[in-house]
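What follows is a single structure, written as structure tokens, with notes after it.
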Amino acid sequence: MTKILTSIFLGTLITIGSAAIAAGTAADPVVGTWKLNVAKSTFKAGPALKSQTRIYSQSKQGILLNMKTVGADGKETTSQATYHLDGKEYPVTGSLDYDSLSGKQVDSNTAEFKLISAGKAVGTTRRTVSEDGKMLTVDFKITDAKGDKTQNLMVFDKQ
């Protein structure tokens, strides 16, 4: 009986290990849908956003971010990027302020990004998922094409 249980246990372990290897890397804790909590966020330059929803998904192609934003003026924008946290540059569509990004993993819950426009760094973002996985904090700093600097500390709730 002990040999049978040991065989089952080892078989299960091998199956789980193989699945983890096949998947490549563990899922990033940011994967999921996040809604901006305006009341908990801080907007240092200009009026607060009305809303923002971030949907992160993960596949072999990388992490896909689909971000829908409604500005203080009521205008809606959608931006999208697929990236890896490997320090390489990846294109961004839909953003008026930057056209690519490069990101690196800081720890299991934190990543830092350089925001790039026409080959020049114009900003940074640091995103951190809380230990309980229920809150995402994004520290966003950018200088726009006019030279205006913005720094927002945005807090998102997991949906």
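The values are calculated or read from the model by the stated rules, or taken from the named source; none is laboratory data. For clarity, every value in this text was computed on a predicted model and none was experimentally measured. No Cβ is skipped: glycine too gets one built from the backbone with ideal geometry, and neighbour counts run over all protein chains shown.
All of (1) surrounded by fewer than 14 Cβ atoms within 10 Å (Cβ to Cβ); (2) more than 15 Å from the chain's Cα centre (by Cα) hold for N152 with one exception: (1).
Residue-wise test of (1) among the aromatic types (F, W, Y); (2) within 14 Å of the chain's Cα centre (by Cα).
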{"position": "D28", "(1), (2)": "no, yes"}
{"position": "N37", "(1), (2)": "no, no"}
{"position": "F43", "(1), (2)": "yes, no"}
{"position": "K50", "(1), (2)": "no, no"}
{"position": "T53", "(1), (2)": "no, yes"}
{"position": "K68", "(1), (2)": "no, yes"}
{"position": "A72", "(1), (2)": "no, no"}
{"position": "Q80", "(1), (2)": "no, yes"}
{"position": "D97", "(1), (2)": "no, no"}
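In region 60-159, counting only strands (runs of 3 or more DSSP E) that sit wholly within it, the ones holding 2 or more residues that are of a type in the set (K, R) and without any contact (Cβ under 8 Å) to a residue 60 or more places away in the chain span 120-129. Count of region 61-83 residues, restricted to those that are surrounded by 15 or more Cβ atoms within 10 Å (Cβ to Cβ) and at pLDDT 95 or above, is 14. Residues in region 26-60 that are loosely packed, with under 15 Cβ neighbours inside 10 Å and either at pLDDT below 95 or within 20 Å of K114 (Cβ to Cβ) (or both): 8 in all. For region 134-149, residues that are at negative phi and modelled with pLDDT under 90 total 4. Within the set G87, G74, G94, G103, the sole residue that is more than 19 Å from K134 (Cβ to Cβ), in contact with a Phe, Trp or Tyr (Cβ under 6 Å, 6 or more places away or on another chain) and of a type outside the set (S, T, Y) turns out to be G103.
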